[in-house]
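Okay, structure first, notes after.
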Amino acid sequence: MKNGALFFLGVFGAIALSWGGVVLASSHQISKIQPYYDTLESQFYPYKQAGIAAEGEQVYKSMGCAACHTQEVRRPGLGYDDLRGWGKRQSVARDYIYESTPPLGELRRGPDLTNFGPRAVKLGLDETHLLTQLYLGSAGMPPYRFLFERQKVIGEPLSTALPINAGPGYQIIPSYHAKALVAYLLSLKQDYVYPEAQPLEPAKEGTN
C-alpha cells in the first residue's frame, strides 16, 4: 500500500488524541476533586476507610464481589434505585476520591451495596447474621466457607462461633478476613448530599 505508513500514522494519531482528550483530561479533572468541608458540622466528607473496614475492602475486591454487586446509585430518572432503598441521591465522583480503583461493579445480580450499612441497620442485620449468611450462602449467593474454620469445641464454645449446627463437638469460627469483609459492608454509605449531587430543578415552562 503506497500510503500505508501515512495512513497508519494518521489512525494512531487520531487514537492517541482521543485517548488523551478523554481519558487523561478526565483523570486530571477527577484528581483535582477535594473532600468537601461542611462549615456547619466542621467535618470533611467523605470519610476515608480505616481499620478493619479498609482491610475488608481488599477482601471484597479479591473475592470478585463486584461481579454481582454494584456500588453506584443512579440518579432519579435512570432507574428505580431510590424506590428499591439503595440510595436517596445519585453517586458522584467525590464519593470515590479515596479509592484508586473503586469497585463500581458491572452487573446487578445482587443488590447495589452503596448504602448497605444504613440498610442493614434498618433491616436488623448485625455482624453475626451477615457472617452466618456468608457461610451458608443464599438463593442468589454461593457460600464462602473457605473464610471460616470448623474447630473442635474445647470446654465451652467460643463467643465468636456462628449459631449453626457444625456437628457434635464442633463449632464454626469466622476468620479475620470474614470479619473484615462484614465490617466493610456495614461501613458502606453515601448519605451526605454534596452540592453537585443535588438534583437539577426542572426547567420552568416558557424559559430556555
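The values are calculated or read from the model by the stated rules, or taken from the named source; none is laboratory data. What you are looking at is a predicted structure, and each value in this text was computed from that prediction instead of being measured. Heads up, the Cβs are rebuilt from the backbone with ideal geometry, glycines too, and the neighbour counts pull from every protein chain shown.
Observations
- Flag if residue 145 is at pLDDT 95 or above and in contact with a strand residue (DSSP E or B) (Cβ under 7 Å, 6 or more places away or on another chain): no
- The listed residues are 75, 108, 119, 84, and the only one of them that is surrounded by 12 or more Cβ atoms within 10 Å (Cβ to Cβ), part of a helix (DSSP H, G or I) and out of contact with any helix residue (DSSP H, G or I) (no Cβ under 7 Å at 6 or more places or on another chain) turns out to be 119.
- Residue in region 155-168 that is outside any loop (DSSP other than H, G, I, E, B) and either within 14 Å of the chain's Cα centre (by Cα) or farther than 27 Å from residue 198 by Cβ (or both) present: no
- Selection of region 127-178 for residues being within 25 Å of residue 115 (Cβ to Cβ) and surrounded by fewer than 12 Cβ atoms within 10 Å (Cβ to Cβ) yields 138, 139, 140, 142.
- Screening residue 102 on (1) surrounded by fewer than 19 Cβ atoms within 10 Å (Cβ to Cβ); (2) touching a residue at least 60 places away in the same chain (Cβ under 8 Å); (3) of a type outside the set (Phe, Trp, Tyr); (4) in a loop (DSSP other than H, G, I, E, B) shows it passes everything except condition (2).
- Residue ID - surrounded by the fewest Cβ atoms within 10 Å (Cβ to Cβ), chosen from residues in region 179-199 that are modelled with pLDDT under 95 and in a helix (DSSP H, G or I): 195
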